[in-house]
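Beneath this line is the structure, given in C-alpha cells, with notes to follow.
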Amino acid sequence: MKKTLLIGTTFLLSSFAFSAAVLPTAQADIVSTADVVAEQQSGWNRAQLVEQLHRDEVREQLVRYGVNPDDAVARVAAMTDAEVMELTAHLDELPAGAGISVSTTVILVAIIIWLVFFR
Amino acid sequence: MLAHQRFLFLFLTVYLVGCSAAPFQYKSLDTDAWTAVELSETPFYPQEDYQCGPAALATVLQVAGVADATPESLVSQVYLPDREGSLQAELLAATRRADRIPFVIPRRMDALFAEVAAGYPVLVLQNLGLERWPIWHYAVVIGFEPGKQQLILRSGTTEREVVSLRAFERSWRLGNYWAMVVPPIGFMPESVPSLHYFEAVAAVEQQGRLLLASMAYAAGTERWPEDATGYMGLGSIAYQQHDYANAEAYFYRATELSPLQPAGFFNLAWSLLRQERDIEALAAAQVAQELAPEHPRYGQAVVLIRQASAENQVN
C-alpha cells in the first residue's frame, strides 16, 4: 500500500519535474499560517502536491477566456489555494459579473430537463 | 444595455414574487438600531460595456487609498473577455495586488449595514435575472435609509441608485449574498469573524506581502487577544525574516493560547532549533507529535527536528 503510494507520488512528481518551482519544499520547516487556518477550518489533511497542477489549469482556462497569457500568470499568482480550487472545479459555472451573457448551457440544461421530465 | 437590464429586472421581480423559500432577511432587520448613512464621498465610475467588475473594484480600492486604481488599469487584472465579466476570485486577487486585504463579509444584511456604517463601501454581487437565467452584476453599496427601507448604490451608469431593501435583497440573495470590503491600511472590517479575518491576512502573507500582513495580524491580536492565529502569523513573519527570537516568543504565546494545536509547538520547535537550542526544540517537537501522532507532518516532528539538528552539527 505504502509502496504503491510512493511509486504514484514519484510518478506524479517526475511528470512535472521540468518545473523546479513545482516541487514541494521539504516539510522540514515551519507550517505556514495559511495552513494553520486551513487546519482550523477543515482538519489536518490537505493535498498540497496537487495544487500546482490546479494553478496551471486555471491559468490555461483564463487564457482560453481571452486573457493575455502574461496577465494570466500574475492573476493566478494572486489567488489563494482555496480560490484556485474553486475555479478549477467550477470556472465555467461561476458568476462573471457584468455580462448579460445568458449561458447557452443553461438553456440547454433547461431544454434537456424539459425533455426528460415534462414530456 | 442598462435600460434593457432594468426592464428585465422589473419584469422578473414581478414574476418572482413568492417563488423563494427562505424568508428575506430585511424583514427581520431591526431598523431602529440603524441610522441613515450615505458615503457620498465615494467616487463614481460609470460602468460601460460589460466592465462593472473593474469599475466597482476601482471604487472600493480608491476609498481604501489606492490612488492609481482605475477601471482601465484593472481590466487586465480582472476582466475575462470571452465571458464579458469578472469572477469574484479575481476581484479578491486584484485587491491583494494593490497591496490591500480583501474581506468577504458574512452573508447577512446586518453585516452589510455594519460595514457601510463603519465607512466602508461594500462591493456586492447581484443577479438581476433569474436563478437559472442569471444576469450577473457588481455594484457598490454606499448607504442606506432604514426608515424608508432603502439602499443607495453606485451601479452601472447610475451614480446614485436608490433601491428598496426588498428589491436589493432579491438580487443579492440570487448572488448568494456575496459581498466584500477593502479597508484602508491599518483598518479592520466590522463584521468579519476572527477565523475569516486571519484567513484573509494569511493569503497576503503567503504572497510575501509581509509588512501588510504583519500590521493586520497585530491589529487582529488586539481585537481578539485570546486567538492564537494572529500570533502564529506574527511568528511566521518573524521566522521568514530570520528573527528567530521573536518568532519563538510569538509561537510560544500561541501555544499558551491553543495548547492542543500541534502547529504552535511544531513552529516553536523550528524557531528554537534555528537558535541552536536543540534540546528545547526536541521537547517542543515531542509535544507537537503527541498531539497529532497520525499526521503526516506533526507525526514526524521529532524525526524532522532530530535530522535538522544532526545536519547543524555537521555544518
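If the condition is being out of contact with any helix residue (DSSP H, G or I) (no Cβ under 8 Å at 6 or more places or on another chain) and among the charged types (D, E, K, R), then segment B:73-97 contributes B:R83, B:E84. Listed by position, the strands (runs of 3 or more DSSP E) contained in segment B:127-197 that have at least 3 residues being at pLDDT 95 or above, outside the structural domain of B:A213 (by TED's automatic domain parsing) and in contact with a Gly (Cβ under 9 Å, 6 or more places away or on another chain) are B:150-155.
One line per residue, one yes/no per condition, for (1) out of contact with any Pro (no Cβ under 6 Å at 6 or more places or on another chain); (2) in contact (Cβ under 8 Å) with a residue 12 or more places away in the chain; (3) at the interface with chain A (Cβ under 9 Å from one of its Cβ atoms); (4) closer than 27 Å to B:V104 by Cβ:
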site: B:E205; (1), (2), (3), (4): yes, yes, yes, yes
site: B:E222; (1), (2), (3), (4): yes, no, no, yes
site: B:L272; (1), (2), (3), (4): yes, yes, no, no
site: B:E280; (1), (2), (3), (4): yes, no, no, no
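Among the residues making up segment B:76-114, a single one is among the acidic types (D, E) and either crowded, with 24+ Cβ neighbours inside 10 Å or outside the structural domain of B:R170 (by TED's automatic domain parsing) (or both): B:E90. Residue count for segment B:170-203 under the criterion of being in contact with a Ser or Thr (Cβ under 9 Å, 6 or more places away or on another chain) and among the β-branched types (V, I, T): the result is 3.
The residues in segment A:39-81 that are within 11 Å of chain B (Cβ to nearest Cβ) and at pLDDT 80 or above can be counted, and the count is 22. With respect to B:F103, is the statement that it is within 14 Å of chain A (Cβ to nearest Cβ) and under 25 Å from B:F198 (Cα atoms) true? Against the criterion (within 14 Å of chain A (Cβ to nearest Cβ) and under 25 Å from B:F198 (Cα atoms)), B:F103 qualifies. Here B:R96, B:R154 are screened, and the one residue that is under 26 Å from B:S191 (Cβ atoms) and out of contact with any Ser or Thr (no Cβ under 8 Å at 6 or more places or on another chain) is B:R96. Screening the candidates B:L234, B:L257 for the property of being within 10 Å of chain A (Cβ to nearest Cβ) and within 25 Å of the chain's Cα centre (by Cα) yields one hit, B:L234. Every test in (1) under 19 Å from the mean Cα position of the chain (by Cα); (2) without any contact (Cβ under 8 Å) to a residue 60 or more places away in the chain; (3) not assigned by TED's automatic domain parsing to the domain that holds B:Q62 is passed by B:A216 save one, and that test is (2). Residues that are surrounded by fewer than 21 Cβ atoms within 10 Å (Cβ to Cβ) and of a type in the set (A, V, I, L, M) were ranked within segment B:115-144; the one that is farthest from B:G186 (Cα to Cα) is B:L130. Among the conditions (1) without any contact (Cβ under 8 Å) to a residue 60 or more places away in the chain; (2) within 14 Å of chain A (Cβ to nearest Cβ); (3) surrounded by 17 or more Cβ atoms within 10 Å (Cβ to Cβ), the only one that B:S73 does not satisfy is (3).
The values are calculated or read from the model by the stated rules, or taken from the named source; none is laboratory data. A quick note: this is a predicted structure, and the numbers were derived from the prediction, not measured. Positions of Cβ are backbone-derived with ideal geometry, glycine not excepted, and every protein chain shown enters the neighbour counts.
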